[in-house]
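In what follows, a single structure is set out as structure tokens and then discussed.
Read-outs: derived from the displayed coordinates by stated rules, not from any lab. Please read all numbers here as calculations on a predicted model, not as lab measurements. Heads up, the Cβs are rebuilt from the backbone with ideal geometry, glycines too, and the neighbour counts pull from every protein chain shown.
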């Protein structure tokens, strides 16, 4: 079990310099506010099958949302289905992992990360944040921000130098704003994501 309170406490020291005013209606929580109604859990080889099934459904819900957006005609939902079927191994094999978030004891959010291969255009020892999603019923409780911070905290603990991500500001405006709020900054494209209208961001740790 991953401690949400521990994550928030450890993150304060390196997010304080980047913290701004909370984003209104972002569906994400001020990192100084802890809620007994939410928690974050890392998926491992010992995670019960029913929890893995709930995480898979959240990931597929994310995929259905992306596939429905303009500019996502080349997005491969079939590839994401294969990724979901093998959780958490699909990310463990890439040097990463994933978290599921709970709200009111119900599955409500998901995020994953993976190691990026060494490239001259990237910071060394970098991770990529992937698949951030909060279900409609889980929004307004701070889960998007908390999941992002959980990955950042894990990256710091692992000695990573940077975390990269791509996002679609037009369809995921709240997530894009919170990334900026947490200190992510625009960077050059580092992959060949077929979805159109993406913004590429990086946070150096």
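The Kirkwood radius of the range 103-205, taken over pairs of alpha-carbon atoms, gives through the Stokes-Einstein law at 20 °C and 1.002 mPa s a diffusion coefficient of 151 µm² s⁻¹.
Remark: spin-label model distance residue 76-residue 105 equals 4.0 nm, labels positioned 7 Å along the Cα→Cβ axis. Computing FRET efficiency as 1/(1 + (r/R0)^6) for residue 185 and residue 68, where r is the C-beta to C-beta distance and R0 is 35 Å, gives about 0.75.
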